[in-house]
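Peer 1: The structure follows.
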Amino acid sequence: MLANSQNCTIHTLDTLWLDLPRYTAVYVLVGPEGPLLIETGAGNTVEHYLPGLRDIGFEPRDIRHVLVSHIHLDHAGAAWWWAQQGAQIHVHEFGAQHLVDPSVLLKSATRIYQDRMDYLWGNVESIASDQVTSVHDGDVIDVCGLKITAIETPGHAQHHHVYALTTVEHGRICFTGDVAAMIMPEGDYLAVPTPPPEFDLESWLTSLVRLETMNFDVIFPTHFGAYAGKPNVLFERLRKVLFKQAQFVRTLMAEDLTRDDIFERLVDWQRRVTIEQGTPEKLYDDYVVEHLMGMNVMGMMRYWKKKMSV
């Protein structure tokens with residue numbers, strides 16, 4: 001599946017989304033024929049990471065290809081900006097139409113974030129259809145002198161790929177988007193994003209098992225940076241965390257609690273977990289509660305309601 005070892009230098013740029021360091025990464029891969037991006041960050045973050053791009057010797061016009069793991073706004077919100085600089089955007093086949101016409105994507109996001117859309121994500125514009133390449137499971141994307149394999153990994157979203165290749169420096173590597181969760185800057189806490197409308201527990205667990213079989217040496221989550229531990233140990237642990245959190249919400253729903261009550265219970269439980277796992281409470285409040293937990297409750301409740309109606 002994966003190509004032989006390739007010469008590739010990897011740079012991690014911090015988008016400093018909402019001034020939070022180590023929250024969302026943009027990766028610059030420099031191959032034999034130049035640089036490409038994996039992920040774009042939100043539309044309001046480009047100005048934060050362009051200096052880092054220039055520090056490694058490149059201008060926006062040098063980026064001819066951008067690969068996004070999926071179309072959520074923290075991963076692909078600035079794809080339109082890079083397209084305007086001349087880049088070709090590579091995205092899951094299910095997400096491509098929503099970059100060409102983002103109206104449905106924005107409507108869905110607005111249901112979650114309401115009047116905070118501009119503050120959180122900045123501007124989003126359409127991309128010309130000839131600048132969007134639809135990517136399918138198993139496609140080998142041959143750009144910048146590199147061969148990168150797309151691996152379909154639904155669960156967080158139906159339109160989710162990870163991107164894999166073998167490099168001389170790191171061995172078998174994978175850019176995991178959100179399927180490997182969010183790894184907090186301190187401590188050992190995994191923040192699991194389960195957004196509506198496409199969070200699917202079974203699919204996510206299956207995706208993690210699929211990744212385990214590939215025995216990666218290093219993974220690069222979008223949130224955030226190269227993971228220092230063993231990827232398969234992380235995947236196994238994440239399967240347990242995912243299942244436990246989803247069952248927690250299901251139990252509270254069975255008690256007929258409101259969404260707000262479930263939110264408060266989940267926040268309290270996860271705050272205890274983060275502290276036990278070495279994450280300062282201030283970081284939990286900054287990185288998780290406001291930006292993640294409300295969305296997580298909506299996603300898990302929608303998932304269980306669909307399951308119970310079948």
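Peer 1: Given (1) at pLDDT below 95; (2) within 30 Å of Gly278 (Cβ to Cβ); (3) within 18 Å of the chain's Cα centre (by Cα), identify the lone condition not met by Leu205.
Peer 2: With respect to (1) at pLDDT below 95; (2) within 30 Å of Gly278 (Cβ to Cβ); (3) within 18 Å of the chain's Cα centre (by Cα), Leu205 is out only on (1).
Peer 1: A follow-up question, please. List pairs: first residue in region 170-189 and over 18 Å from Val241 (Cβ atoms) and among the basic types (Lys, Arg), second residue surrounded by fewer than 17 Cβ atoms within 10 Å (Cβ to Cβ) and at pLDDT 95 or above anywhere in the structure, Cβ distance under 6 angstrom, at least six positions apart or on different chains.
Peer 2: Pairs that qualify, where the first residue is over 18 Å from Val241 (Cβ atoms) and among the basic types (Lys, Arg) and the partner is surrounded by fewer than 17 Cβ atoms within 10 Å (Cβ to Cβ) and at pLDDT 95 or above, are Arg172/Asp217.
Peer 1: Right, next: Output the residues belonging to region 131-171 that are at pLDDT 95 or above, farther than 20 Å from Ala181 by Cα, in a loop (DSSP other than H, G, I, E, B) and out of contact with any strand residue (DSSP E or B) (no Cβ under 6 Å at 6 or more places or on another chain).
Peer 2: Matches in region 131-171: His136, Gly138.
Peer 1: Do we have Gly177 as crowded, with 16+ Cβ neighbours inside 10 Å, at pLDDT 95 or above, of a type outside the set (A, V, I, L, M) and closer than 22 Å to Leu18 by Cα here?
Peer 2: Considered against the rule, which asks whether it is crowded, with 16+ Cβ neighbours inside 10 Å, at pLDDT 95 or above, of a type outside the set (A, V, I, L, M) and closer than 22 Å to Leu18 by Cα, Gly177 comes out as yes.
Peer 1: Any chance you could count how many residues in region 12-59 are in a strand (DSSP E or B) and within 23 Å of Tyr287 (Cβ to Cβ)?
Peer 2: Total meeting the criteria: 7.
Peer 1: Please go through region 41-55 and give me each residue that is in contact with a strand residue (DSSP E or B) (Cβ under 6 Å, 6 or more places away or on another chain) and surrounded by 19 or more Cβ atoms within 10 Å (Cβ to Cβ), ordered by number.
Peer 2: Gly41, Tyr49
Peer 1: Restricting region 14-27 to residues that are in contact with a Phe, Trp or Tyr (Cβ under 7 Å, 6 or more places away or on another chain) and among the aliphatic types (A, V, I, L, M), which is farthest from Phe224 (Cα to Cα)?
Peer 2: Leu20
Peer 1: Taking the stated definitions as given, is Phe216 over 23 Å from Met117 (Cβ atoms), assigned to a loop (DSSP other than H, G, I, E, B), in contact with a Lys or Arg (Cβ under 8 Å, 6 or more places away or on another chain) and among the aromatic types (Phe, Trp, Tyr)?
Peer 2: yes
Peer 1: Look at Thr110 and say whether it is surrounded by fewer than 21 Cβ atoms within 10 Å (Cβ to Cβ) and modelled with pLDDT of 95 or more.
Peer 2: No.
Peer 1: Of all residues being within 10 Å of Ala42 (Cα to Cα) and either without any contact (Cβ under 8 Å) to a residue 60 or more places away in the chain or small (Gly, Ala, Ser) (or both) in region 60-80, which is surrounded by the fewest Cβ atoms within 10 Å (Cβ to Cβ)? Just the residue, please.
Peer 2: In this case the residue turns out to be Leu73.
The values are calculated or read from the model by the stated rules, or taken from the named source; none is laboratory data. Small disclaimer: the values here were computed from a predicted structure and weren't measured. Positions of Cβ are generated from backbone atoms using ideal geometry, with glycine treated the same way; all protein chains shown enter the neighbour counts.
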